[in-house]
1. Please specify each residue of the range 166-189 satisfying the condition of being aliphatic (A, V, I, L, M) and open to solvent by 50 Å² or more (accessible area, probe 1.4 Å).
2. Are there helices (runs of 4 or more DSSP H) fully within the range 177-295 with at least 1 residues that are more than 21 Å from the chain's Cα centre (by Cα) and of a type in the set (V, I, T)? List them.
3. Just to be sure, is A163 touching a residue at least 12 places away in the same chain (Cβ under 8 Å) and surrounded by fewer than 22 Cβ atoms within 10 Å (Cβ to Cβ)?
4. Tell me, please, whether a residue that is open to solvent by 40 Å² or more (accessible area, probe 1.4 Å), modelled with pLDDT of 90 or more, within 20 Å of the chain's Cα centre (by Cα) and not β-branched (V, I, T) can be found in the range 318-325.
5. Which of the residues spanning the range 270-300 are touching a helix residue (DSSP H, G or I) at 6+ places or on another chain (Cβ under 8 Å), surrounded by fewer than 20 Cβ atoms within 10 Å (Cβ to Cβ) and free of Cβ contacts under 8 Å to residues at least 24 places away in the same chain?
6. Give, as residue ranges, the helices (runs of 4 or more DSSP H) completely inside the range 1-93 that count at least 1 residues that are open to solvent by less than 80 Å² (accessible area, probe 1.4 Å) and at pLDDT 85 or above.
7. Looking for something modelled with pLDDT under 90, more than 21 Å from A147 (Cα to Cα) and open to solvent by less than 20 Å² (accessible area, probe 1.4 Å) - is there at least one such residue anywhere in the range 334-350?
8. Among the residues of the range 128-153, what is the count of those that are in contact with a helix residue (DSSP H, G or I) (Cβ under 7 Å, 6 or more places away or on another chain) and either part of a helix (DSSP H, G or I) or open to solvent by 60 Å² or more (accessible area, probe 1.4 Å) (or both)?
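The values are calculated or read from the model by the stated rules, or taken from the named source; none is laboratory data. Fair warning: this is a prediction, and the values are worked out from it, not measured in the lab. Positions of Cβ are backbone-derived with ideal geometry, glycine not excepted, and every protein chain shown enters the neighbour counts. In case anyone asks, the SASA skips ligands and DNA or RNA and just uses the protein heavy atoms, side chains included. Shrake-Rupley method; radii C 1.70, N 1.55, O 1.52, S 1.80 Å.
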Amino acid sequence: RAIALSTKANANLVVADLPPFVLRSASRFMSFSGDRDAAFVDFETLWREDIVLSPLAAATMLGNFLDDMNVGNLPKLEQTAMIPELLTWSEERFPESVLFNSWRALRHARNRNVEAAYAMQKDNLAGVSDDYPGIQVINHMLLGQYAATLLKWDTAAQHFRDAQRVLKGVGRRAGGPESAALAAAFFSLAGDSTASSEMFNEVQEYSKQKKSDWPPADRDVFWVMREVNDNERPMRLAMGKIVFWSWCARNMERSIGDKLLSTLQEYAGSASDKDSKLFVTSLIADAHRQLDDPDMALRTVDEALAGCAAKSLVGGAVPMLLYTAARVHADCGNITVAADTLKRLRALGRD
C-alpha cells in the first residue's frame, strides 16, 4: 500500500507541472489527476504513518513547501503550518542529516533571517567529510548565495571559489564555469581585482575545453564572457545571480533590500548603453517583486517597456520584464492579466 500511495503522490506532483493540454491527456490515459493538493495529502499520510517511506515523504513536502527550487509555488496556510512539525520530526530522527539541516537553514532564510541561515549552513558544511565532494560543493554554493543575500561580496566570492576548487580537485568540470564566474564577479564587487582576474581566467580555461554537454548555467556564463564587456560583466553575473537565478531578494530584510535597490540604481545610471540599462532595470523590477512591492515592480516594468522597442533583447531583458509582470499579476490574483502578459512573452519567441 505504501509504495502504491507513494507512486500515486509522486506521479500527481510531476503531472501537475505539465502544460494544461498535456495534463488533460495525462489525466485521461494514466489515471492521474495532477492535483498537487491531493499529492500532498498522500505524502502527509505516508509521513504520519512513520514507515520506511516517511523520510522521502517529509523531504518532498519540505522541498515544495519551502520552494527550494525558487519556482514560486507558495504553500497554503495549512501547509505552512506543517513546516515546523516536519522540521521537528526530522531533527528528532535525523539530527545529522545534511539535507534536512539545509531545509532548516532555508526556513530561516524564508523568514528573512539570513544570518541564522548562513550560520546553520556553515555548521552543515563542517559536518561533511572530504569523501563527499558533491555535498561540499552544494553547501559552498548555498553559503555563497546566503552571503550574497547579506551583500557580503568577499565572503560570497570565497565560497564560490571554494566550490570551484572542490570540483576541480575531483576532476568534475560541470558547474566549474558557473562557480568560477560567480567567484570572479563577487571578488570584483569586493574590490579584489587580482582574485577576480584569476577566477575569470579559470572560466576562460573551461571555455577552451571540448565538452558538448555543459549545463545551462555554465553555457550562460560562456555567453556572458563572449557578449558582455569587461566593465559590466561582474555586475551582470553577480546581480543576475542575486535577483533572477536564486531569488535572493525574497529572503532579504527590507533594509538590505533597499541597499540592493540603491546599488542597482547606480548600475543603471552608469550603464554603457540602452540595452545594458534595460537589463539592470529588469533586475530592479524583479527585486521590487521579491521585496513584496508589487506596485513599484509593475511601475518599473511599464516605464521600461514604454521606452524600448517591442522586439529588443529577445531572450534578455524584455522577456524578464514581462515575466516579472506576469508573476506580480498572478501573485495578486489577477490571473487573466497574468495570462495575457504571458501571451506577449510567448509572442516574442515567435517574432
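1. Residues of the range 166-189 aliphatic (A, V, I, L, M): 166-167, 170, 174, 180-185, 189.
Hit for the range 166-189 is V170, nothing else.
2. Numbers: elements: 193-207, 216-227, 233-239, 254-269, 274-290.
Hits in the range 177-295: 193-207.
3. Details: touching a residue at least 12 places away in the same chain (Cβ under 8 Å): yes; surrounded by fewer than 22 Cβ atoms within 10 Å (Cβ to Cβ): no.
Judged against the criteria, A163 is not a match.
4. Of the range 318-325, the ones open to solvent by 40 Å² or more (accessible area, probe 1.4 Å) are 320, 323.
Subset that is modelled with pLDDT of 90 or more: 320, 323.
Filter once more, keeping what is within 20 Å of the chain's Cα centre (by Cα): 320, 323.
Now narrow it down to the ones that are not β-branched (V, I, T): 320, 323.
Yes, because at least one residue in the range 318-325 is open to solvent by 40 Å² or more (accessible area, probe 1.4 Å), modelled with pLDDT of 90 or more, within 20 Å of the chain's Cα centre (by Cα) and not β-branched (V, I, T).
5. Within the range 270-300, K277, M296 qualify.
6. Working: elements: 2-16, 20-30, 36-48, 54-65, 77-93.
By residue number, 2-16, 36-48, 54-65, 77-93.
7. If we filter the range 334-350 for residues that are modelled with pLDDT under 90, which is where we start, we get 344-350.
If we keep only those that are more than 21 Å from A147 (Cα to Cα) too, we end up with 344-350.
Okay, now just the ones that are also open to solvent by less than 20 Å² (accessible area, probe 1.4 Å), so 348.
Yes, there is a match, as at least one residue in the range 334-350 is modelled with pLDDT under 90, more than 21 Å from A147 (Cα to Cα) and open to solvent by less than 20 Å² (accessible area, probe 1.4 Å).
8. Step one: filter the range 128-153 for residues in contact with a helix residue (DSSP H, G or I) (Cβ under 7 Å, 6 or more places away or on another chain), giving 128, 133, 135-137, 139-151, 153.
Pick out the ones that are also either part of a helix (DSSP H, G or I) or open to solvent by 60 Å² or more (accessible area, probe 1.4 Å) (or both) and you get 133, 135-137, 139-149, 153.
Here the count works out to 16.
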